[in-house]
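Inspection log for the structure reproduced underneath, given as structure tokens.
The values are calculated or read from the model by the stated rules, or taken from the named source; none is laboratory data. Only a predicted model underlies this, so the values are computations on that prediction, with no experimental measurement involved. In this analysis, Cβ positions are derived from the backbone assuming ideal geometry, glycine residues included, and neighbour counts consider all displayed protein chains. Surface accessibility is based on the protein's heavy atoms, side chains included, excluding ligands, DNA and RNA. Shrake-Rupley method; radii C 1.70, N 1.55, O 1.52, S 1.80 Å.
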Number of protein chains: 2
Amino acid sequence: MNEQTGASRKASVRDVRRTNRALLLRHVMFAGETTRPEAGAATMLSPGTITNLVTELIAEGTVVEGRKLDSPGGRPRTVLAVNPHAAVVFGADVGEAQVTVEAFDLAMRRLGGRTHAFTGRRISPQTVSSVVAGAVGALTTELVASGDFGATPTILGIGLGVPGIVEHPDVSAGDSEARDEPLVHAQVVGWDSVRFSELAAQLPAPLLIDNGAKTTTQAEAWYGSAQGVEHGAVVLIGDGVGAGIITNGRLYRGSSSSAGEWGHTKISLDGIRCRCGARGCVETFVGASAVLERWRGREDAWLGREPEGIDELFAAYHQGDEVAERSLRDLIHHLGIALSNLVNLYNPQKIVVGGWFGDRLAEEFLADIAAAVRRSSLSQPGAEVVVERSSLGRRATALGAATLPLDRFIERGWPQ
Amino acid sequence: MNEQTGASRKASVRDVRRTNRALLLRHVMFAGETTRPEAGAATMLSPGTITNLVTELIAEGTVVEGRKLDSPGGRPRTVLAVNPHAAVVFGADVGEAQVTVEAFDLAMRRLGGRTHAFTGRRISPQTVSSVVAGAVGALTTELVASGDFGATPTILGIGLGVPGIVEHPDVSAGDSEARDEPLVHAQVVGWDSVRFSELAAQLPAPLLIDNGAKTTTQAEAWYGSAQGVEHGAVVLIGDGVGAGIITNGRLYRGSSSSAGEWGHTKISLDGIRCRCGARGCVETFVGASAVLERWRGREDAWLGREPEGIDELFAAYHQGDEVAERSLRDLIHHLGIALSNLVNLYNPQKIVVGGWFGDRLAEEFLADIAAAVRRSSLSQPGAEVVVERSSLGRRATALGAATLPLDRFIERGWPQ
DNA sequence: TGGAGTTATTTCAGACTATAAACCATGTCA
DNA sequence: TGACATGGTTTATAGTCTGAAATAACTCCA
């Protein structure tokens with residue numbers, strides 16, 4: 001009996017304020033438009049506290065008052081909303097072949113974006129850095145030109161969704177905000193322990209990095225199909241396969257932020273060798289490239305990516321091709337088993353199926369996928385889980401990346 | 001953008017006190033003996049607050065002052081410790097064939113216990129209830145006789161670890177502490193949606209129920225091999241196979257408390273049919289009964305439990321029997337794959353291997369198991385995970401069950 | 001024996017919070 | 001115009017932690 005377990009931090013009166021401010025601000029942001037009484041009901045805070053907090057938020061410029069609502073007798077309620085022009089956040093989707101940077105106002109409305117496609121096979125962190133920095137700069141001047149954000153827009157931060165594991169430094173060891181930047185390990189693009197210090201130094205606001213599957217999950221949780229989900233999973237099926245796990249309403253990261261590597265869990269004791277080196281990985285059964293290779297009868301190799309071929313597969317299926325049908329049936333069967341492992345382990349309320357290939361599958365076979373999941377799951381968690389198609393599409397990754405600085409702002413307030 | 005996401009509750013000044021009180025009390029309990037300065041360092045609370053809280057805890061009778069420590073110049077520190085005689089907690093291990101009830105003082109020292117073995121195949125909830133109520137009564141009179149707890153010992157609660165899924169009612173819907181008792185689903189003993197209301201009514205203190213694998217995990221997390229682990233898993237291998245997952249330092253329960261059913265995740269697309277109805281479950285590869293069936297060459301059926309046979313298996317292995325060796329090698333290989341799924345999904349710091357069969361395996365093959373896990377895991381999380389043997393043995397389940405009321409006491413204080 | 005030095009513990013003023021209740025503001029309706 | 005209803009603010013009060021000052025209880029040394 002030596003160490004502390006489940007150690008929570010000490011609390012002080014200041015924390016009470018921070019918690020309640022965040023609670024209220026989150027309500028305002030997600031409600032879009034609200035009123036003081038409505039916010040009071042949603043947050044359970046007393047009218048006095050609401051007044052107090054709202055006054056502060058208005059003074060800061062974070063929140064603005066709007067029109068007054070009609071009343072059936074009684075003083076009319078004043079509409080409250082986030083001040084969209086109070087600040088800007090950037091979100092970047094770093095893919096294997098391209099980088100997309102998007103700008104959002106404080107109401108998370110898209111203001112503009114830049115996409116840069118790479119021709120070479122592997123992009124270097126330096127290239128990515130210069131593209132991101134360039135896009136942020138270009139978008140910022142665009143914003144200045146629009147006049148909505150003044151001469152020097154307040155930038156809350158730049159979020160980066162990258163294709164790999166992002167290892168965050170141990171927070172417990174001192175709160176020295178200084179140079180504890182995350183390490184990025186991305187096998188797919190050949191990055192090993194990359195730090196984006198140079199990029200961070202170039203940018204006009206803090207750089208926050210996370211795994212792309214996780215930022216996508218965050219986007220679905222805040223604005224998409226996973227809204228309000230306390231325990232859930234977002235699975236992303238493309239060439240590769242990933243997942244984001246939500247536990248207790250928050251994105252789960254694990255001890256070193258690599259949690260959720262569902263694509264490399266095994267559902268078979270043998271099978272094709274995966275690019276991770278193991279055999280039997282989910283990715284080798286449901287990843288788009290693997291499915292294509294199978295369909296074409298080359299079960300021995302797993303290389304390259306060829307998303308176009310998926311169109312052929314679906315076309316063949318619709319023309320009654322039996323081989324195509326069997327490929328898709330097998331895929332759904334395997335997907336059901338792979339998802340049932342998530343169901344039995346996490347007992348999620350909802351599983352959201354996304355990714356370019358997953359989205360395509362869910363569009364046509366959602367019911368079959370759900371049935372396959374239930375067939376392999378334990379009865380109780382299987383009966384409870386809802387399987388749904390993702391609702392945000394390809395922009396989710398950048399959107400989710402942009403929520404990183406936004407979330408930080410909600411929790412901590414303005415810098416300093 | 002409608003619903004609230006990751007909704008935290010509103011905070012008030014009272015919560016600050018509760019949080020800090022719990023933080024301090026937890027420190028005192030886990031330290032065994034401490035002092036005010038030591039507690040201050042551990043909790044980061046100021047000396048004034050420590051005095052304040054300690055005074056309250058002493059006045060309540062929860063904490064007592066002890067001897068004064070020698071000082072090399074300066075006022076000597078006074079030893080603080082939990083008052084073991086302040087209260088009693090009970091923990092019950094409801095197994096498939098027997099029920100064990102144990103009593104602990106507030107320092108979680110075992111005071112006594114009762115075990116009742118059943119002869120029939122399936123025990124009814126009524127039988128379990130009367131056995132538990134009887135044992136609690138008998139142990140209580142024993143405690144009264146000992147004189148350490150006065151004429152009417154304060155009982156904080158009775159924790160029950162049961163072999164099945166425990167579904168807790170939704171807490172969010174009103175804080176009516178009234179009759180929202182959990183539902184127990186235990187296929188193994190044939191319980192379907194059982195409520196222990198009658199038992200709760202008979203008992204002299206609140207009844208708290210959880211899954212046995214989860215209470216065992218809790219015990220390992222508080223007092224065993226999983227101490228101080230923020231992200232980890234405790235896997236329990238016996239006839240059946242279960243797991244408890246620790247995320248962010250707390251036991252993870254999922255949306256309806258059935259999380260952690262690792263025994264019924266699939267690592268094979270075909271294979272023996274499991275008692276859950278599916279094929280390829282981990283339990284059919286590493287569960288004791290399944291291993292025995294395999295060893296004896298009867299791969300077609302999976303029935304009954306015969307733990308004694310495991311001794312034969314190990315004996316044969318030690319005598320150089322090749323079939324026994326192959327059985328164990330295969331088992332370890334499969335266990336490695338099954339655990340690697342946990343590693344890739346949860347990214348745990350530590351995996352604790354327990355359960356009567358798991359313990360036996362870990363005793364002899366821990367290094368092999370760890371190697372097998374690493375072989376199948378992704379390199380980054382695989383390199384970080386530590387595989388360890390459980391350290392509490394068979395009493396862990398009841399001990400963990402007893403932590404349920406203890407934890408509640410730490411968080412909420414004395415009843416009322 | 002007593003004074004200096006040292007560390008533990010308590011006391012207390014000050015800074016913040018939330019809340020309840022009283023109070024003011026601004027409508028509708030008859 | 002007054003009664004009523006609801007929205008929003010102000011204020012007194014009760015908790016809470018913290019930092020600094022005060023006090024307590026030692027050891028060491030002359």
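Checking residue A:24 against (1) away from DNA strand C (no atom under 11 Å from the Cβ); (2) open to solvent by less than 50 Å² (accessible area, probe 1.4 Å); (3) within 20 Å of residue A:407 (Cβ to Cβ): exactly one of these is not met. Which one?
The single condition residue A:24 does not satisfy is (1).
Could you list, in sequence order, the residues of segment A:240-256 that are modelled with pLDDT under 85 and in contact with a Lys or Arg (Cβ under 8 Å, 6 or more places away or on another chain)?
Of everything in segment A:240-256, just one residue is modelled with pLDDT under 85 and in contact with a Lys or Arg (Cβ under 8 Å, 6 or more places away or on another chain), namely A:253.
Which of the residues belonging to segment B:44-64 are within 12 Å of another protein chain (Cβ to nearest Cβ), more than 8 Å from DNA strand C (Cβ to nearest atom) and outside any helix (DSSP H, G or I)?
Scanning segment B:44-64 gives B:44, B:45.
For segment B:177-252, which fully contained strands (runs of 3 or more DSSP E) count at least 1 residues that are within 11 Å of chain A (Cβ to nearest Cβ)?
Here the list reads B:183-186, B:191-194, B:232-237, B:241-247.
Is it true that some residue in segment B:77-99 is exposed (fewer than 15 other Cβ atoms within 10 Å of the Cβ), more than 30 Å from residue B:124 (Cα to Cα) and among the small types (Gly, Ala, Ser)?
no
Among the helices (runs of 4 or more DSSP H) confined wholly to segment B:302-416, which include 2 or more residues that are in contact with a helix residue (DSSP H, G or I) (Cβ under 6 Å, 6 or more places away or on another chain) and modelled with pLDDT of 95 or more? Show your work before the answer.
Values: elements: B:308-318, B:322-346, B:356-376, B:379-384, B:396-412.
Because the criterion is at least 2 residues that are in contact with a helix residue (DSSP H, G or I) (Cβ under 6 Å, 6 or more places away or on another chain) and modelled with pLDDT of 95 or more, the helices (runs of 4 or more DSSP H) in segment B:302-416 that meet it are B:322-346, B:356-376, B:396-412.
Please work out which one of (1) touching a helix residue (DSSP H, G or I) at 6+ places or on another chain (Cβ under 7 Å); (2) within 13 Å of another protein chain (Cβ to nearest Cβ); (3) within 13 Å of DNA strand D (Cβ to nearest atom) is the condition residue A:82 fails and give its number.
(3)
In this structure, does residue B:41 turn out to be more than 9 Å from DNA strand D (Cβ to nearest atom), assigned to a helix (DSSP H, G or I) and either more than 12 Å from chain A (Cβ to nearest Cβ) or surrounded by fewer than 15 Cβ atoms within 10 Å (Cβ to Cβ) (or both)?
Numbers: more than 9 Å from DNA strand D (Cβ to nearest atom): yes; assigned to a helix (DSSP H, G or I): yes; either more than 12 Å from chain A (Cβ to nearest Cβ) or surrounded by fewer than 15 Cβ atoms within 10 Å (Cβ to Cβ) (or both): yes.
It is true that residue B:41 is more than 9 Å from DNA strand D (Cβ to nearest atom), assigned to a helix (DSSP H, G or I) and either more than 12 Å from chain A (Cβ to nearest Cβ) or surrounded by fewer than 15 Cβ atoms within 10 Å (Cβ to Cβ) (or both).
If a residue has to be touching a strand residue (DSSP E or B) at 6+ places or on another chain (Cβ under 7 Å) and either open to solvent by 70 Å² or more (accessible area, probe 1.4 Å) or more than 7 Å from DNA strand D (Cβ to nearest atom) (or both) to count, how many in segment A:47-57 make the cut?
1
Taking the stated definitions as given, is residue B:83 of a type outside the set (Asp, Glu), within 22 Å of residue B:412 (Cα to Cα) and either modelled with pLDDT under 95 or in contact with a Ser or Thr (Cβ under 7 Å, 6 or more places away or on another chain) (or both)?
yes
For segment A:94-114, which positions are in a strand (DSSP E or B) and over 20 Å from residue A:204 (Cβ atoms)?
The answer is A:98, and nothing else.
Looking at segment A:65-76, which of its residues are open to solvent by less than 60 Å² (accessible area, probe 1.4 Å) and either touching a residue at least 24 places away in the same chain (Cβ under 8 Å) or more than 8 Å from DNA strand D (Cβ to nearest atom) (or both)? Don't jump to the end; show me each part of the working.
As a first pass, look at segment A:65-76 and keep what is open to solvent by less than 60 Å² (accessible area, probe 1.4 Å): A:66, A:69, A:71, A:74, A:76.
A:66, A:69, listed by residue number.
Could you count how many residues in segment B:65-87 are within 16 Å of DNA strand C (Cβ to nearest atom) and part of a strand (DSSP E or B)?
Residues flagged as within 16 Å of DNA strand C (Cβ to nearest atom) and part of a strand (DSSP E or B) within segment B:65-87 amount to 8.
Any idea which of (1) outside any loop (DSSP other than H, G, I, E, B); (2) over 30 Å from residue B:239 (Cβ atoms); (3) of a type outside the set (S, T, N, Q); (4) more than 14 Å from chain A (Cβ to nearest Cβ) is the one residue B:90 doesn't satisfy?
(2)
Quickly run through segment B:21-38 and pick out the residues that are within 12 Å of chain A (Cβ to nearest Cβ) and among the charged types (D, E, K, R).
B:21, B:26, B:33
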